[in-house]
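Report on the structure given below.
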Amino acid sequence: MLMNNSFIFILVAILTIFLDEFSNPIRAFSNPNFVYTDGTHFALNGKPFYLNGFNAYWLMYMASDPSTRNKVTTIFQQASKYRMNVARTWAFADGNSRPLQSAPGVYNEQMFQGLDFVIAEAKKYGIYLILGLVNNWEPLGGRKQYVAWAVERGQNLTSDDDFFTNPMVKGFYKNHVKVVLTRVNTINKVAYKDDPTILSWEIINEPRCPSDLSGKTIQNWIIEMAGHFKSIDTNHLLEIGLEGFYGNNKKQYNPNSMNFGTDFISNNQIRGIDFTTIHMYPDQWLPGSSLEAQDKWASQWIQFHIDDSKLLKKPLLIAEFGKSSNTTGYNVEMRDNYFGKIYGNIFNCAKSGGPCGGGLFWQLLDQGMASFGDGYEVVLQESPSTDRVILLQSLRLSKLLY
């Protein structure tokens, strides 16, 4: 009888493992050039793939104008020189001047052709793209513009948070997702949803819903939108665009216990979300604290999310980090040291087989783009020491195997 019970126990254990693997299979694509996830790691062509790159939200904007299109080429050339392999940028510009979408479903072909150029040019230089589809914030329209469009059509809306719940607004956004994902590039003739140059879609940059701190509103919206993305495109990875804030159950881990209606754990458990993200701005989130305290907090913030990404069984990307020139006592050496510390956290995790698959600093500019600066900008031609810090990270990540 004891032997039978043991046999049954072992059989159940084996079946449990099998079913777990079956429900979370290693992604495999007919096109081997798509980046995919293998457990808690990114992979490409059957090998580990580590991400070292940058944010450049302005790429489509500059590419849409023939007089500034060369800025995109220059940035990709520089990134390739320093062995960077990923850029995160916007596939939206809602209303305002030079929009991609001037009204719901109404698109500016010149802007779209700028995005076509960005994608085609990135491929030339071995740069993969993470494309965001809408902004939480007002710059370039964002959810505020979507709500305004619905109000213009007779909806009685009073809050930007109605973006997450109003059926008309959600319909506007879903249509934008469909239009972008099914767009056929005028340069390479490949539909975006079939282009392996795109590493991932991002649902929304830095979502927050202060009117519902329970997290239910954001959770339900992500579930709905993740399903919509995957119904159109099963080739590409999908991430939310989270800053990494926890909900009420773990808000003590947030800077100053802030809560914005998102939850790193539950949001990333949603079916269809392929990897986790965090952003890091201790200089903004911990005002008045010392640089030492901010650095310590940054390392803890990364470690919290490494631990939780292990439990979620998904890779982690540090999608935004930087050092502002507005910091008291700022100099390039301070920025280099900070980059070095963040890169060190990423590398040590990756080297040990952990889920942190890379990082993207905010933000990369070309010379002559001062009007796009926000204090965090890096201009490679003017920062040879920063170049070396970035290159070192690229080289040591490229040599890692897990």
#### Entry: Matching residues, segment 59-76, being buried (at least 22 other Cβ atoms within 10 Å of the Cβ) and assigned to a loop (DSSP other than H, G, I, E, B)
SER64
### Query
Out of all the residues in segment 181-219, which are in a helix (DSSP H, G or I), touching a residue at least 12 places away in the same chain (Cβ under 8 Å) and surrounded by fewer than 22 Cβ atoms within 10 Å (Cβ to Cβ)?
THR182, LYS193, ASP194, THR217, GLN219
## Note on the structure
Inside segment 145-168, the number of residues satisfying the requirement of being surrounded by fewer than 17 Cβ atoms within 10 Å (Cβ to Cβ) and either modelled with pLDDT under 95 or in contact with a helix residue (DSSP H, G or I) (Cβ under 6 Å, 6 or more places away or on another chain) (or both) is 1
#### Entry: Lone unmet requirement of (1) in contact with a Pro (Cβ under 7 Å, 6 or more places away or on another chain); (2) surrounded by 19 or more Cβ atoms within 10 Å (Cβ to Cβ); (3) more than 18 Å from ASN55 (Cα to Cα) for LEU100
(1)
### Summary
Per the filter on segment 255-268, residues on the phi > 0 side of the Ramachandran plot and either at pLDDT 95 or above or open to solvent by less than 10 Å² (accessible area, probe 1.4 Å) (or both) are GLY261
### Message
Quick check on my filter: what residues within segment 179-190 are within 19 Å of the chain's Cα centre (by Cα) and under 10 Å from ILE232 (Cα atoms)?
### Response
LEU181
### Query
Out of all the residues in segment 220-254, which are open to solvent by less than 40 Å² (accessible area, probe 1.4 Å), assigned to a helix (DSSP H, G or I) and farther than 21 Å from THR182 by Cβ?
TRP221, ILE222
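The values are calculated or read from the model by the stated rules, or taken from the named source; none is laboratory data. These figures come from a predicted structure and were not determined experimentally. Positions of Cβ are backbone-derived with ideal geometry, glycine not excepted, and every protein chain shown enters the neighbour counts. These accessible areas exclude ligands, DNA and RNA; they are computed on the full protein's heavy atoms, side chains included. Shrake-Rupley method; radii C 1.70, N 1.55, O 1.52, S 1.80 Å.
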